[in-house]
Amino acid sequence: MGQYTFRSIEQAEVEGKRVLVRVDMNVPMRDGVITDTNRIDRVLPSIRSLAARGARVVILSHFGRPKGKPVPEMSLRPVAKKMDKLLESAPVHFIADCIGPEVEAAVNSLENGQILFLENLRFYPGEEASDPEFVKALAALGDIYVNEAFSSSHRAHASIYAITQALPSYAGFLVAAEINALSTALEHPQRPVAAVVGGAKVSSKISVLNNLAQKFDCIIIGGGMANTFLYAQGIDVGNSLCETDLSDTAHEILRTAEDAGCEILLPLDVVVAKEFKAGAPSEVCALHAVPGDGMILDVGPETVKALNAMLTTCRTLLWNGPMGAFEIEPFGEGTFALAREAARLTKDGSLVTVAGGGDTVAALNAAGVGKDFTYVSTAGGAFLEWLEGKELPGVAALHVS
């Protein structure tokens, strides 16, 4: 995947134009209250800029999986209200539909600098099916299209891909930053370049590991995934989460890495408990001493020491997935210690750090370093697909040759 060339909203003539801005407002919500505004916060600069330049801003998003019909609990009204509160520079109006004569009338009555937030696109089956009639109805609302939803750009849905065939299309500030950060880390990194790839299962990241092994100098494997690699090498992992049927796959990944000159780093010691619960008694074990009824839930201090030392030799680090069961004390220490060292080196200017994926972001925030990495992606599935080397439909649609 090469460097992407795309038009940014700074290049668009937007004054007096109806600008459709596709965002991803799939925010965490409990009892109608938004519990984390990160995804809203990250799109505000684009919306603020467009409104200030006299655009008539129309915001499009999905929320949840309503399966093509209206579901009151999946209305975007609370998100529009929260955005209205956070934006301050201009009021955000909401309309309880996303296509049709009423919506067209509301959009066409907007004045320069005004903002209208439309209802959940997925209330219509045409959004996910990319139905031509639905695309036509959406495109009728705008003069220009802006993709500000990188985290949805792996889906070829109506409002992500098909609409770009109907309207002049641009990347918002967030999408531009995501593309630049990821293509820099993957295609044009300062070397040596390392990746932390963690999480529960190897099966979900086989393509990621194979792709990175051919591009990177070093991959640190952590989390439950590491157990599968240890097991494949004949180490007894006791009662740990382990995909025993993927031993051959683990060996293939190790061979791919070796052929490409990529070093794979696995735990040297581990933290083991007999129960997977907060505060469960735990101990640090050498790899050959994991008890039969023990579960590996984190990497040990020797591993952290070795990995921290390795980080000081790197110039670029890509991070996806935790090193252990960080959500439950005390099994986040390995992840947190590595994250803090990566953050320290980033602040020193010796390391470029790019991270992404829901668990990763939660782990970095729990370590208190979420704001200290060079770039933290808003995306989960799209981030993973990019790491696999796949082309994302929503990004490809913005490409200009």
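Calculate the spin-label point distance for R7 paired with S89, positioning each point 7 Å from the Cα along the beta-carbon direction, and give it in nanometres.
Taking the two extended label points, one gets 2.2 nm.
I need the shape label for segment 105-193. Rule: rounded when a/c is under 1.5, else prolate if a/b > b/c, else oblate, with a, b, c from the alpha carbon gyration tensor.
prolate
Enumerate the calculated ³J(HN,Hα) couplings along segment 245-260 in order (Karplus 6.51 cos²θ - 1.76 cosθ + 1.60, θ = phi - 60°), each rounded to whole Hz, writing x wherever the residue is Gly or Pro.
6, 9, 4, 5, 4, 4, 5, 4, 5, 4, 5, 4, 5, 4, 4, 8
When only alpha-carbon atoms are used, what values of Rg and Dmax, in angstrom, describe segment 264-337?
According to the Cα coordinates of segment 264-337, Rg and Dmax are 12.7, 40 Å.
Using the number of other C-beta atoms within 10 angstrom as an exposure proxy, rank D31, D359, D348 with the fewest first.
Fewest-to-most Cβ neighbours within 10 Å comes out as D31, D348, D359.
For D269, list long-range residues whose amide hydrogen, built 1.01 Å from N in the peptide plane, is under 5 Å from its own amide hydrogen.
Amide H neighbours of D269: G300, T303.
From the gyration tensor of the Cα coordinates in segment 180-387, what semi-axes in whole Å does the equivalent ellipsoid have, largest first, with each one equal to sqrt(5λ)?
25, 20, 15
Of the listed peptides 114-124, 302-312, what is their order by residue-averaged count of other C-beta atoms within 10 Å, with the highest listed first?
114-124, 302-312
Given an 8 Å cut-off on Cα distances and at least 6 residues of separation, report the relative contact order of segment 180-387 as a percent.
In percent, rounded to a whole number, it is 21.
Please name which of L392, L86, L311 has its Cα lying farthest along the dipole of the chain towards the positive end, using unit charges on Cβ (Lys, Arg +1; Asp, Glu -1) and the Cα centre as origin.
After comparing all options, I get L86.
In cubic angstrom, how much convex hull volume per residue do the alpha carbon atoms of segment 273-401 span?
Value for segment 273-401: 140 Å³ per residue.
May I have the count of lysine pairs in segment 9-173 with C-alpha atoms under 27 Å apart, counting pairs 8 or more residues apart or located on different chains?
Lysine pair count for segment 9-173: 10.
Can you list residues whose amide H is under 5 Å from I219's amide H, if they're 5+ apart or on another chain and H is modeled 1.01 Å from N?
So I219 has HN proximity to A195, E263, I264, L265.
Please list the three semi-axes, largest first and in whole Å, of the ellipsoid equivalent to the chain, using sqrt of 5 times the eigenvalues of its alpha carbon gyration tensor.
Whole-Å semi-axes of the equivalent ellipsoid: 42, 22, 19.
Can you work out the Karplus-derived ³J(HN,Hα) for every residue in segment 54-64? Use 6.51 cos²θ - 1.76 cosθ + 1.60 with θ = phi - 60°, whole Hz, and x for glycine or proline.
These are the phi-based 3J(HN,Hα) values: x, 6, 9, 8, 10, 9, 10, 7, 10, 8, x Hz.
Treating the angle as unsigned and between 0 and 90°, give the value, to the nearest 10°, between the Cα long axis of helix 301-311 and the longest Cα principal axis of the chain.
Computed tilt is about 60 degrees.
How tilted is helix 333-348 with respect to the longest principal axis of the chain? Cα atoms for both, answer in degrees (0 to 90, nearest 10).
Helix 333-348 and the main axis of the chain meet at about 60 degrees.
Among V193, V270, what is the fewest-to-most ranking by other Cβ atoms within 10 Å?
In order of increasing Cβ crowding within 10 Å: V193, V270.
Would you be so kind as to identify which of S46, A185, N210 lies farthest towards the positive end of the dipole of the chain, taking Lys and Arg as +1 and Asp and Glu as -1 on Cβ and the Cα centre as origin?
Of the listed residues, the answer is S46.
Relative contact order of segment 9-173: what whole-number percent is it, with Cα pairs under 8 angstrom and at least 6 residues apart?
For segment 9-173, the relative contact order is 30 percent.
For R155, list long-range residues whose amide hydrogen, built 1.01 Å from N in the peptide plane, is under 5 Å from its own amide hydrogen.
Counting only residues 5 or more places away or on other chains, the set is G394.
Where does segment 9-173 land on Rg/Rh, using Cα atoms and the Kirkwood Rh?
Rg divided by Rh gives 0.92.
So for the chain, averaging the separation of alpha carbon pairs under 8 Å that are six or more residues apart and normalising by length, what relative contact order in percent results?
RCO, the chain: 16 percent.
For helix 173-187, what angle does its Cα long axis make with the longest principal axis of the chain, in degrees from 0 to 90 and rounded to 10?
It works out to around 30 degrees.
For every other residue with a beta carbon closer than 12 angstrom to the beta carbon of G381, add +1 if it is Lys or Arg and -1 if Asp or Glu, then tell me the sum.
That works out to -1.
Restricting to segment 180-387, what percent of DSSP beta bridges are antiparallel, rounded to 5?
Antiparallel bridges make up about 35 percent of those DSSP assigns within segment 180-387.
Where a Cα-Cα gap under 28 Å defines reach, which lysines qualify for K347, not counting those fewer than 8 residues away within the same chain?
By straight Cα distance, K347 reaches K215, K305, K371.
Work out from phi, with θ = phi - 60° and the Karplus expression 6.51 cos²θ - 1.76 cosθ + 1.60, the ³J(HN,Hα) of each residue of segment 268-283, listed in order in whole Hz, and give x for Gly and Pro.
9, 8, 9, 9, 10, 9, 8, 10, 9, 8, 4, x, 4, x, 9, 8
Every number in this text was worked out from the coordinates using simple rules, so none of it is lab data. Note that this is a predicted model, so its numbers are computed, not measured. Neighbour counts run over all protein chains shown; Cβ positions are idealised from the backbone, glycine included.
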